[in-house]
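Presented below is the structure to which this report refers.
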Ligand code: GDP
């Protein structure tokens, strides 16, 4: 077979089948000499990185290369989908290289948030997932909050090494790297994509002053996040853009909340208490009696209860039920990956059912706020 053409920027095999996948190049450019993939093209010509995604197996293969390097690993996670976007197996793949955890999208939390407490929460959650980090930096790439700290931490922990940036899809990796490209003075001065023939890590290299690089790896797709299964046109409603407006409901047992037709919360047993729903303001919440919930869903899903829209319902996974027991005085969130979380405010405990699309990660966690 003829040798597959490779990108002159990053060395990846070129393809013209899927724009979201690594190595994409329009068919017309595929056979050109010195062809570069779309992502390298954008970095080179527009000073702009765009996201490329891979599945978990490909991603783990890519990550395997990091262990044999001497580098700083920057792991970007989405604060809104913390347990959904954390790469818990990261430690095994990066070897002895330090991991700096950059927590993005802090603009979504209320401005009165106790940031020290939040940072402790992040550290504890990461530890529970088996991830050891040298430091935690909180930021918002989109709103340019905390970015000085990001650059400072990069400089402080890098110590003359390459920087690998890893993260799941939609965590804001491109936004952050684009900000680095435009803010990081070293990068601004001369931005070219260097050629790394035969690289084992199919990733974009953004050169730094000292001959080292920032290496942008593809975003990993985790199928357990709601954001990976909704239709593209519903993503904007699902991903919050503005600070969350927590909605508090005083509920009696046997009452139900629908979050669009994406998930359903049943308060099955417990004393009257309040629950605070933290989801994007783009989604609507409907309250009903548990005994009416099935009927309401059958009659109104795809319409009053949406997203998903009626035309997408057939492609949407069936719901499964998760029964969760909230212990008294436990201060916990019911976390639904990619959708948000419901804080249980009662002190007397509760039994709840979450109905969510099959495969979506649903769990109890220490309350984030
Ligand atoms: P990538 O897939 O990780 O490269 O993520 P993108 O940079 O494409 O961002 C994914 C989505 O998150 C986009 O809708 C961004 O506008 C949004 N986003 C990125 N950074 C932030 C942030 O700091 N705050 C908020 N609220 N949204 C962000």
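Here, each number is a calculation from the coordinates, and none is a lab measurement. All of these numbers come straight from a predicted model, not from anything done at the bench. Glycine also receives a Cβ, built like all others from the backbone with ideal geometry; neighbour counts cover every protein chain displayed.
Considering only DSSP beta bridges whose two residues both sit in the chain, what percent are antiparallel, to the nearest 5?
Values: 48 of 72 bridges.
Looking only at bridges with both residues in the chain, the antiparallel portion is about 65 percent.
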> In nm, what is the difference between 0.36 nm times the number of residues separating residue 92 and residue 142 and their Cα-Cα distance?
Replying inline: 15.0 nm
> Taking neighbour counts of Cβ atoms within 10 Å as a proxy for exposure, in what order, fewest first, do 364, 235, 313 appear?
Replying inline: 313, 235, 364
>> Test of understanding: ordering 269, 58 by Cβ neighbours within 10 Å, fewest first, what list do you get?
In response: 269, 58
> If we count other beta carbons within 10 Å of each Cβ, what is the order of 68, 140, 49, fewest first?
Replying inline: 68, 140, 49
> In deg cm²/dmol and to the nearest 500, what is the mean residue ellipticity at 222 nm of the chain if only DSSP H runs of at least 4 residues count, each as -39500 (n - 2.57), divided by the residue total?
Replying inline: -6500 deg cm²/dmol
>> Over the chain, with a Gaussian network built from C-alpha contacts below 10 Å, which listed residue (344, 141, 35) shows the highest mean-square fluctuation?
In response: 35
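Assuming 0.36 nm per residue, please report the length gained on full extension of the stretch residue 123 to residue 57 beyond their Cα-Cα distance. Write down the numbers at each step before the final one.
Working: separation 66, 0.36 × 66 = 23.76 nm, distance 2.68 nm.
Taking 0.36 nm per residue and subtracting the Cα distance, the gain is 21.1 nm.
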> Using the Cα atoms as the points, what is the convex hull volume per residue of the chain in Å³?
Replying inline: 143 Å³
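Relative contact order for the range 217-297: what is it in percent, counting Cα pairs under 8 Å that are at least 6 residues apart?
Numbers: 111 pairs, mean separation 26.0, N = 81.
It rounds to 32 percent for the range 217-297.
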>> Nearest 10 degrees is fine. How inclined is helix 290-300 to the longest principal axis of the chain, computing both from alpha carbons?
In response: 50 degrees
> Along the Cα-to-Cβ line of residue 210, 7 Å from the Cα, sits a label point; which residues in the range 80-99 have backbone N less than 15 Å from it?
Replying inline: 98
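Please give the length that would be gained between residue 28 and residue 347 if that part of the chain were fully extended, namely 0.36 nm times their separation in residues minus their C-alpha to C-alpha distance (nm, one decimal).
Numbers: separation 319, 0.36 × 319 = 114.84 nm, distance 6.37 nm.
Net length gain for the segment: 108.5 nm.
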> Separation between the residue 4 and residue 358 pseudo-spin-labels, each 7 Å from Cα along Cα→Cβ, expressed in nm?
Replying inline: 3.2 nm
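Please tell me the relative contact order of the range 228-366 in percent, rounded to the nearest whole number, where contacts are Cα pairs under 8 Å and at least six residues apart. Walk me through the intermediate numbers first.
Details: 311 pairs, mean separation 38.6, N = 139.
Normalised by residue count, the contact order of the range 228-366 is 28 percent.
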>> So, R0 is 45 Å and r is the distance between the beta-carbons of residue 327 and residue 303; what FRET efficiency does that work out to, to 0.05?
In response: 0.75
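Which value in Å is the Kirkwood Rh of the range 228-366 over different Cα pairs? List each step's numbers first, then the result.
Values: mean 1/r = 0.0664 Å⁻¹.
Value: 15.1 Å, from the Cα pair sum.
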